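Worksheet: one structure, shown below.
What follows is calculated from the coordinates using simple rules that are stated; it is not laboratory data. The model shown is predicted, which means the values in this text are computed figures rather than measured ones. We place every Cβ from the backbone using ideal geometry, glycine too, and count neighbours over all the protein chains shown.
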Amino acid sequence: MSVHELGWYSHELCFWHDPGPGAGYLPVGPGIEPLRQFAVDPDLRRAEGLVRAAGVLERFTAVTPAPASDEDLLLVHTPEHLERVEAASAAGAGDAGVYAPVNYHSARAARLAAGACAQAVTAVLDGRFGRAYCLVRPPGHHAEPDRAMALCLYNNLAVAARTALRHGARRVLVLDWDVHHGNGLQRVFYQDPDVLYVSVHQDGLFPAASGLVLETGAGAGAGTTLNVPLPAGSGHEAYLAVVEQLVAPAARAFRPDLILVAAGVDAGGHDPMGRMLCTSRTFHAMTSAVCRLADELADGRLVLAHEGGYSAWYQPTLVLATACALAGLPAPDDPFLHSLEHLPGQRLQPHQRRVVDHLRAHHPLFAGRSDPADPQTEGEGDG
């Protein structure tokens, strides 16, 4: 793949969004001493720097995105939601929703993040790029149509998917391997037969009681939501089993003409906001597998957008591994790998296997109760 077929979308102002001091996802308050937040976005600048230092960024064409317009954002969000984000950011601080702190630059950064994803999708559908990566913040998959949530202001990939459908795509697969469940993405597309949402996340982590196996879509979208809640401690083999035995056959049943990935790296084994054991090899292997799926099903059309990732030292290596896979390069050297790859959780465990087996036996995509690839079933459902 030539350099002209790979797009890299990032903007300096995305690194200026900063949720402010606090601890974990909580702001400074009773019993909470001011600390450097996990989600400080200059860490993404370090990630981009490592991709550049490794010579991998030379394989991509760098694109500076434009901010998403109101028209773009209103494909997903309510006008009142946009007003809240803009007002909180204009005030210089505050919470734009639920655990969604902002600073003066946040509204602009959020528009740039959503704009980058929408513009990357358009470029891929137009044939300018075959694949694209959006290294953006704030993240998006928790943001719902009417509220910001959990560091997410606008739902970047929801805006991108709606843009793709407006731009001529017929079916879009959104694969989310962030360690948290993408409640916002699920809510936007739960009744949409044209978008298959697949979430691979830590069971019960966040949000509470979200991303259950029984949540499979509704109305015309019945069967087009696939949640894979893996037990805490799942590692390399469990994630690859999910991709090979659930994601790939689901994609083949759905037949998308575009694949989007919410490419959070907080399932990494050093991440403080999750309890999973993925390594750089895991993210390289998953990205490589999705590249092959895109080549098989969607004429190569693939866009990845950064979501969560809160380990200041390991996030850059995981982003580099993802970028290497997109560029068709081997997995990079990983100085942190030795502390993770020997752990028993890297091997597929029986309790992890049960999740995969249950979904293969009971989810509508695999059980024959509905086939989203069959146009005669698309309008069926209770509504």
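Segment R252..Q349, full-extension length gain: 32.3 nm, with 0.36 nm per residue of separation and the alpha-carbon distance subtracted.
Judged by the ratio a/c of the largest to the smallest principal axis of the C-alpha gyration tensor, the range 240-377 counts as oblate, that ratio being 1.5 or greater while a/b is no larger than b/c. Of the residues D43, D203, the one with the fewest other Cβ atoms within 10 Å heads the list, and the complete ranking is D203, D43.
Loop-located trypsin sites (Lys or Arg not before Pro) across the range 140-238 with a Cβ neighbour count of 12 or fewer within 10 Å are R170, with loop assigned by DSSP. Comparing G31, G115, G130, which has the greatest mean-square fluctuation in the GNM of the chain with Cα pairs linked when under 10 Å apart? Residue with maximal mean-square fluctuation among G31, G115, G130: G31.
Taking a ≥ b ≥ c as the square roots of the eigenvalues of the alpha-carbon gyration tensor, the range 62-107 is classed oblate because a/c is 1.5 or more while a/b is no larger than b/c.
Among the listed options [x] 0.90; [y] 1.24; [z] 0.96, the one matching Cα Rg over 2.2 N^0.38 Å as calculated from these coordinates is [x]. Among R108, R131, R36, the residue with the largest mean-square fluctuation in a Gaussian network model of the chain, with springs joining Cα atoms closer than 10 Å, is R36. A Gaussian network model of the chain, with springs between Cα atoms under 10 Å, assigns the largest mean-square fluctuation among T322, T225, T122 to T122. Using the alpha-carbon positions of the range 142-282, Rg (one decimal) and Dmax (whole number) come out as 14.3, 40 Å. Taking other Cβ atoms within 10 Å as a rough exposure proxy, H17, H284 sort from fewest to most as H284, H17.
Shown for the chain are the DSSP H helices of 24 Å or more along their axis, judged by Cα atoms, with a mean Kyte-Doolittle hydropathy of at least 0.0: 106-125, 280-297. How would the range 122-210 be classified by its alpha-carbon gyration tensor: rounded, prolate or oblate, with rounded meaning a/c under 1.5 and the a/b versus b/c comparison settling the rest? Because a/c hits 1.5 or more and a/b exceeds b/c, the range 122-210 counts as prolate.
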